[in-house]
C-alpha cells in the first residue's frame, strides 16, 4: 500500500513539473490581422510591442496581403493561442483550412471586434465557435459605456480592468449561445448589448469582444483585458517579462 502511495506521489510530481516547465516557456501568440476598416495591422503591431515588452510572450504574425491572401497562417501550427482580428476576408484552400483546423480542433482563441465576421466564406465561425450572434451594429456617434457584469467582477480576464468608454459603434449581439458567460455589456443611447464573453468549445477556452476600435488600443483597460484573455484561454497566469 505504501509503495502504491509513493508511486502515485511521484507520478503527480512528474506531471506538476512538466506543467511548470511548459509554463516557464513564453506564451506563443499568433496575431491574425485583416480588418482594414479598423487598421488592425497598426493596432496589433502596437499591441505586440506592449505584450512582448512587458510579458513573457512572443508573437508570430499572419497579416493580410489581400482580401484573399493571408500569409503566415502556418504559425497557427505552433502557437498557444490565436488572436483573431480580420474582417470578411475571402481566403480559400490551404489558408482557410489552417484556420478551420485551429478552431475546430479545440484550440484557444481570442477574437476581437470583426472576428465575428472574420471570413466571408465561413460566417458560421461566429455562432459555431465564438458563440456570438452578430447582426450588424448601431450607428456611430454616441460613446459606448462599457460596464462589467456583476457576476463577472472576479473573473481573471477582468483583473485590473475598470469600466470605460469606447468610441466604437455598438455591435448587435443579442441572442448568444446558451453556454457563454458574459463579462461586459455596452450601452449607447437606449441600447445595451453584450460586448465581451467567454465560452468553451471542444474543450478549448474562447474569448470574444466586439470592442476593438483603433482608440480602444490606447485604453489600458482594453489592453489589459486582451492580455488577460490570452493567458486565461491558455490556462496560464499573466507572466511579466524576465529582465525587462
Please go through segment 170-187 and pick out each residue that is assigned to a loop (DSSP other than H, G, I, E, B) and more than 18 Å from residue 155 (Cβ to Cβ). 170, 172, 173, 174, 175, 178
Quick check on this structure: which one of 49, 25 is without any contact (Cβ under 8 Å) to a residue 24 or more places away in the chain and within 21 Å of residue 223 (Cβ to Cβ)? 49
Flagged in segment 146-158 as surrounded by fewer than 16 Cβ atoms within 10 Å (Cβ to Cβ) and within 18 Å of the chain's Cα centre (by Cα), in numbering order, are 156
Among (1) surrounded by 15 or more Cβ atoms within 10 Å (Cβ to Cβ); (2) in contact (Cβ under 8 Å) with a residue 12 or more places away in the chain; (3) not in a loop (DSSP other than H, G, I, E, B), the one test that residue 161 misses: (3)
For segment 40-56, the count of residues that are exposed (fewer than 15 other Cβ atoms within 10 Å of the Cβ) and within 25 Å of residue 98 (Cα to Cα) equals 1
Sole residue being under 30 Å from residue 189 (Cβ atoms), out of contact with any helix residue (DSSP H, G or I) (no Cβ under 9 Å at 6 or more places or on another chain) and buried (at least 22 other Cβ atoms within 10 Å of the Cβ), chosen from 170, 143, 84, 130: 170
Here's a check for you: in segment 186-203, which residue that is under 17 Å from the mean Cα position of the chain (by Cα) and surrounded by 15 or more Cβ atoms within 10 Å (Cβ to Cβ) is farthest from residue 226 (Cα to Cα)? 201
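Throughout, read-outs are computed from the coordinates displayed, never taken from laboratory work. Bear in mind that the values here come from a model prediction, so they are computed numbers and not experimental data. Glycine also receives a Cβ, built like all others from the backbone with ideal geometry; neighbour counts cover every protein chain displayed.
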